[in-house]
Amino acid sequence: MSDLTLDDYIALLATGTPAERRNAAWMLGRQRDARIIQPLIAALKDDDDDARLRAVEALGNIKDGDIVPHLITALGEDVPRIRAQVALSLGNQRDYRALEPLIALLGDGESVVRGAAVNALYDLPDARAIRPLVNILSDDADDDNRHYAARTLGQIGGADVVTALSFLLSADPPPDTKIRAVEVLAAIRDGRAHPALEALRDDPDEDVRATVQWALAQIGDDPT
C-alpha cells in the first residue's frame, strides 16, 4: 500500500481528486478489512465514472452480505460498462438475492451488460434463468454472449435444461445454435436428451451431424 495507510486511502476515497479517488478505490479493493466496506459503498455515488467503476470492482472482491443490496441498486447505473461490472461483482458475491435482478439484466439493450449478466449467472445456477438464457443462446447478436449462455446452461444442468434445449432444437434453429445446444446436452450427460439428438442424426449440416454423433457417444446408451 506504498507509504499511505488504510485510513489515508479511505480519506482519499472521499475527498481526493478524481484520480486519487480512483486509485484509492483500486487499492482498497485489494485489502481485507471490514473498515473499507462502507466507504466503498458510499463511493458508488461518486460523480466520476471511473471512480464508481473502481468502487464496484473493489466491492466485488469482498464477499459480504451487506454489500449485495447496494450492488443491486447500482444495477440502475446509466453507464453500460459500470452496469456490466456491477453484474460481475454480484456474481462474485454468490448471493441469490441477486438472481432475479441479474435475470432481468439479460434483456439489457447493451451487449456488454447482457454478457456480464450471463457470466454472473454462472455463479448462481438456477432453473429460473433457463428460459432467458436459451433466448440469449438462440437470438443474441453477440457470439460471445451466445457462447457463455451455453456455458451457463451447462452449469445449471438438469431435466429443465434438457427440456428447454430439446424444444429449441425442435424449432430447427441455425446450425451454430444447434451445435451449441447439442454441446450443452453432451456436457449434461442426461439420457433424456436422446430423442432430440436422434432427430438430428440426418441434419443437412455436416458439422451438426458430427456434433450429434459425438454427443450421443458422450451421453451413452438410450435408457429407454
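Scan region 42-56 for residues that are surrounded by 19 or more Cβ atoms within 10 Å (Cβ to Cβ) and part of a helix (DSSP H, G or I) and the total you get is 7.
Considering region 127-183, the qualifying helices (runs of 4 or more DSSP H), each wholly inside and each with 2 or more residues that are over 26 Å from residue 204 (Cα atoms), under 16 Å from the mean Cα position of the chain (by Cα) and not basic (Lys, Arg), run over 130-139, 143-156.
Check 33, 78, 48 and return the single one that is in contact with a Pro (Cβ under 7 Å, 6 or more places away or on another chain), among the acidic types (Asp, Glu) and over 15 Å from residue 93 (Cα atoms). So that I can check it myself, show each step before the final result.
Values: 33 fails: in contact with a Pro (Cβ under 7 Å, 6 or more places away or on another chain); 78 fails: in contact with a Pro (Cβ under 7 Å, 6 or more places away or on another chain).
When all the criteria are applied, what remains is 48.
For beta carbons closer than 8 Å, sequence separation of 6+ or different chains, a first residue in region 41-67 that is closer than 12 Å to residue 85 by Cα and a second that is at pLDDT 95 or above and among the aromatic types (Phe, Trp, Tyr), the qualifying pairs are 54/26; 57/26; 58/26.
When the residues of region 7-23 are filtered to those that are of a type in the set (A, V, I, L, M, F, W, C) and free of Cβ contacts under 8 Å to residues at least 24 places away in the same chain, the one that is surrounded by the fewest Cβ atoms within 10 Å (Cβ to Cβ) is 19.
Restricting attention to region 64-90, report how many residues are assigned to a helix (DSSP H, G or I) and either at positive phi or β-branched (Val, Ile, Thr) (or both).
First, the residues of region 64-90 that are assigned to a helix (DSSP H, G or I): 68-74, 80-90.
After this cut, where a residue has to be either at positive phi or β-branched (Val, Ile, Thr) (or both) as well, the list is 68, 72-73, 82, 86.
Of the residues in that region, 5 qualify.
Could you list, in sequence order, all residues of region 14-26 that are outside any loop (DSSP other than H, G, I, E, B) and over 18 Å from residue 82 (Cα atoms)? Scanning region 14-26 gives 14, 15, 20.
The values are calculated or read from the model by the stated rules, or taken from the named source; none is laboratory data. This is a predicted model, so every value here is computed, not measured. Every residue, glycine as well, gets a Cβ built from its backbone with ideal geometry; the counts of neighbours run over all protein chains shown.
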